[in-house]
Amino acid sequence: MRPAPYRSLRDLDWTLIFLAMAISGLGVLEIYSATLDTYWRGAWLKQIVWIGAGLVLMWLTTSIDYHTLLGRAPIAYGVTIGLVIATLLVGTQVFGSRRWIPLPGGIHFQVSEFAKLVLILLVARYLSELKSEKLEAVDLWKLLALVGIPMILVMKQPDLGTSLTYLPIVGAGVFLAGIRWKYIVASLLIAVLVLPLGWLVLKDYQKARIETFLNPNTDPRGSGYQMIQSKIAVGSGGMWGKGVTRGTQTQLRFLPVPHTDFIFAAFAEEHGFAGAVVALGLYFLLLMQVVQNAQAAGDRAGMYVSMSVCMLFLFHLLVNVGMVVGRMPVTGIPLPLMSYGGSSIMSTFMMLGLVNNVRLRRLVN
């Protein structure tokens, strides 16, 4: 696959890259602070390595014409399904879940994170090839089936949080492609009818998380502990925060996993309301840059790709921050670019590479 020509490196969206690096920098700073004098004290160095690897992968994703990537999407989809099944069979089990495939050098590869990239390309290809102005029922069902297969497999790991992140990808595509109101109403009715059955499918710990979300004080030392401590950490930060390495909830280890899912709670405690506003402002600007690239895309496929990335990031942001402040149930959804994790960081930078890919080829399509 030979890279398609573009004008120069100046055409890259450097504002997007700068914003991503700024957010990543805040993440490294907070990971350093949150893991000081713990078993994870070297995590911030590993995060820098992951960011470097992510930048390399972003460049590679940018270099290959996204039309070529769209053409290979079905093959990538088949490989991804195979790898997700392999994860269920031979994956490393941590806290009762099989989410990672062990690789040489102590590296753990989370296939479900990279599946997001494949689904973005697959949905964009499918929708861009449609000839009708509005989605028909058969098109909607095909899309739901394509996304539903990896969703179900990831839920079996079990990893409900990651599986739910696949929904905004298809949701963005369906909304942009155009859908008739009768299908929206029918989908809502089906969802309402199926919801009680969904409760039966959930694991006991997943049910406990939802019950805790509704009333965390019912089990303050058990399932409600994370949410309660997270809210205390956010509130204790006040306006200006307690300073790096000085957050009491974080440094005294009351706040669970402060460098992964609850990193925003640790950040808010140590940097306060002002720091939280700055971080959320950077995310807002990042999302607006992605939307701008979607608007300037040279074709429908490029628009679908960019907007799917935007909606996926927005979903991660709303769910993770909502979880931290007690407005969402506790789920294993990381905060993009800030939470510790190699697979998450690298897949995020690759998605930003797709956005830059669309930008570079807006004038050569």
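The values are calculated or read from the model by the stated rules, or taken from the named source; none is laboratory data. Keep in mind that this is a model prediction, so the values were computed, not measured. Here the Cβ positions follow ideal geometry from the backbone for every residue, glycine too, while neighbour counts run over all protein chains shown. Ligands, DNA and RNA are stripped out before the accessible areas are found, and what is left, the full protein with its side chains, is counted by its heavy atoms. Shrake-Rupley method; radii C 1.70, N 1.55, O 1.52, S 1.80 Å.
Odds and ends about this structure:
- For beta carbons closer than 6 Å, sequence separation of 6+ or different chains, a first residue in region 223-249 that is more than 12 Å from F267 (Cα to Cα) and a second that is open to solvent by 40 Å² or more (accessible area, probe 1.4 Å), the qualifying pairs are I228/P220; Q229/F254; M239/F273.
- Every residue from region 58-79 that is assigned to a helix (DSSP H, G or I) and either farther than 14 Å from V118 by Cβ or acidic (D, E) (or both): M58, W59, L60, T62, S63, H67, T68
- In this structure, W40 does satisfy being under 28 Å from A265 (Cβ atoms) and either part of a helix (DSSP H, G or I) or open to solvent by 40 Å² or more (accessible area, probe 1.4 Å) (or both).
- Taking region 239-273 as the range and being under 23 Å from the mean Cα position of the chain (by Cα), under 10 Å from S33 (Cα atoms) and of a type in the set (A, V, I, L, M, F, W, C) as the test, the residues that pass are A266, F267.
- For region 80-106, the set of residues classified as more than 15 Å from S343 (Cα to Cα), assigned to a helix (DSSP H, G or I) and touching a Pro at 6+ places or on another chain (Cβ under 9 Å) consists of I81, V90, listed by residue number.
- Any hit, region 263-279, residues being aromatic (F, W, Y), in contact (Cβ under 8 Å) with a residue 12 or more places away in the chain and within 21 Å of T331 (Cα to Cα): yes
- Test: residue in region 146-157 that is charged (D, E, K, R) and out of contact with any Leu (no Cβ under 7 Å at 6 or more places or on another chain): no
- Scope region 107-131; condition outside any helix (DSSP H, G or I) and under 23 Å from Y66 (Cβ atoms); matching residues: E129, L130, K131
- Region 280-310 - residue that is closer than 16 Å to P336 by Cβ and free of Cβ contacts under 8 Å to residues at least 12 places away in the same chain and, of those, nearest to the chain's Cα centre (by Cα): F284
- Where a residue in region 72-87 is at positive phi and its partner, wherever it lies, is of a type in the set (V, I, T) and surrounded by fewer than 15 Cβ atoms within 10 Å (Cβ to Cβ), with Cβ under 8 Å and at least six apart: none
- Subset of region 213-248 (residues that are open to solvent by 60 Å² or more (accessible area, probe 1.4 Å) and modelled with pLDDT of 90 or more): K231, I232, M239, W240, K242, R246
- For region 156-170, a residue qualifies if it is at pLDDT 90 or above and outside any loop (DSSP other than H, G, I, E, B), and the qualifying residues are T162, S163, L164, L167, P168, I169, V170.
- Test for M323: is it out of contact with any Leu (no Cβ under 9 Å at 6 or more places or on another chain), at pLDDT 95 or above and at negative phi: no
- Long-range neighbours under 7 Å by Cβ, at least six apart or interchain, first residue in contact (Cβ under 8 Å) with a residue 12 or more places away in the chain within region 122-149, second assigned to a loop (DSSP other than H, G, I, E, B) and crowded, with 20+ Cβ neighbours inside 10 Å: V147/Y166
This table checks each residue for (1) surrounded by 22 or more Cβ atoms within 10 Å (Cβ to Cβ); (2) touching a Pro at 6+ places or on another chain (Cβ under 6 Å); (3) within 20 Å of P329 (Cβ to Cβ); (4) of a type in the set (S, T, N, Q).
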site	(1), (2), (3), (4)
I149	no, no, no, no
P158	no, no, yes, no
I169	yes, no, no, no
A172	yes, no, no, no
L176	no, no, no, no
V185	no, no, no, no
